[in-house]
Amino acid sequence: MPSDVYFTNSDQDSQLLEFKRKRRSQTYNYKGPKEILFFNKSTNPDGSEIKIPVAKAQIPNEVKEAIIFFLPTKKEEKTSYPLLIVNDSTKAFPYGTIRIFNACGAELAGQIGNETLKVPQGISMPFSIKKIAHKGNWVKLGFAIKMPEGYELVYSNEVPFDIETRSIVVLRPPRRSNSLKIYTYLLQERQPPKAEEQQQESANS
């Protein structure tokens, strides 16, 4: 996991990023050049600050809200991180949907609800929970990898999803080098209460 990573806003104040292992980090506001520089800090012998670049994010003009994934690198010394930039607006990624983020290092064949599809590395389009769920809001997820002798199942489960949330199912490589079984976790965000609900809660408190 990256550590001691900063970015600079247009006011030149450096802000430290706080990474979470299995959940979203806090929201950061950014004003500045289209290309965001992420860096570590060091100092010269004279005590002046040095910015050591570790990643750059080029945010598309149409993306006003983004979630940025710092991807692992195979380098022994992690001096530069590849990034995945995802449009995180509720129009592009609505509540009541799920996305699959394949970060396991290989293309997979997948079953998501009743849909079968290829799951390349990267992040999928949003899937409506109402359209793919069964038995309430349970969604069947299954993923397999192509081997010389055929497909090998690497993950299968039925997962409950709340339609008041938007979820990213993250697929990670096996924890053991001799295993094909990938592991998963969810990044979820719950829909904020509507204004009238907030007013009712305030009246009841």
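The values are calculated or read from the model by the stated rules, or taken from the named source; none is laboratory data. As the structure is a computational prediction, the values presented were derived from the model and not from experiment. Positions of Cβ are generated from backbone atoms using ideal geometry, with glycine treated the same way; all protein chains shown enter the neighbour counts. Heavy atoms of the whole protein, side chains included, go into the accessibility calculation; ligands, DNA and RNA do not. Shrake-Rupley method; radii C 1.70, N 1.55, O 1.52, S 1.80 Å.
Tabulated data for the structure shown
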{"read-out": "Among (1) at positive phi; (2) touching a strand residue (DSSP E or B) at 6+ places or on another chain (Cβ under 8 Å) - the single one Y28 does not satisfy", "value": "(1)"}
{"read-out": "The range 22-67 - residue that is open to solvent by 50 Å² or more (accessible area, probe 1.4 Å) and among the hydrophobic types (A, V, I, L, M, F, W, C) and, of those, nearest to V86 (Cα to Cα)", "value": "L37"}
{"read-out": "Total residues in the range 107-158, condition β-branched (V, I, T) and either open to solvent by 20 Å² or more (accessible area, probe 1.4 Å) or out of contact with any strand residue (DSSP E or B) (no Cβ under 8 Å at 6 or more places or on another chain) (or both)", "value": "3"}
{"read-out": "Residues of the range 110-167 classified as touching a residue at least 60 places away in the same chain (Cβ under 8 Å) and in contact with a helix residue (DSSP H, G or I) (Cβ under 6 Å, 6 or more places away or on another chain), total", "value": "2"}
{"read-out": "Residue ID - modelled with the lowest pLDDT, chosen from residues in the range 76-104 that are open to solvent by 50 Å² or more (accessible area, probe 1.4 Å), farther than 18 Å from V63 by Cβ and hydroxyl-bearing (S, T, Y)", "value": "T79"}
{"read-out": "Residues satisfying the stated conditions in the range 1-21, i.e. open to solvent by 70 Å² or more (accessible area, probe 1.4 Å) and not small (G, A, S)", "value": "M1, D4, D11, Q12, D13, L16, E18, R21"}
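Table: residues versus (1) of a type in the set (A, V, I, L, M, F, W, C); (2) at pLDDT below 95.
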position: A106; (1), (2): yes, yes
position: N114; (1), (2): no, yes
position: G136; (1), (2): no, yes
position: F143; (1), (2): yes, no
position: M147; (1), (2): yes, yes
position: G150; (1), (2): no, yes
position: V169; (1), (2): yes, no
position: P174; (1), (2): no, yes
position: S179; (1), (2): no, yes
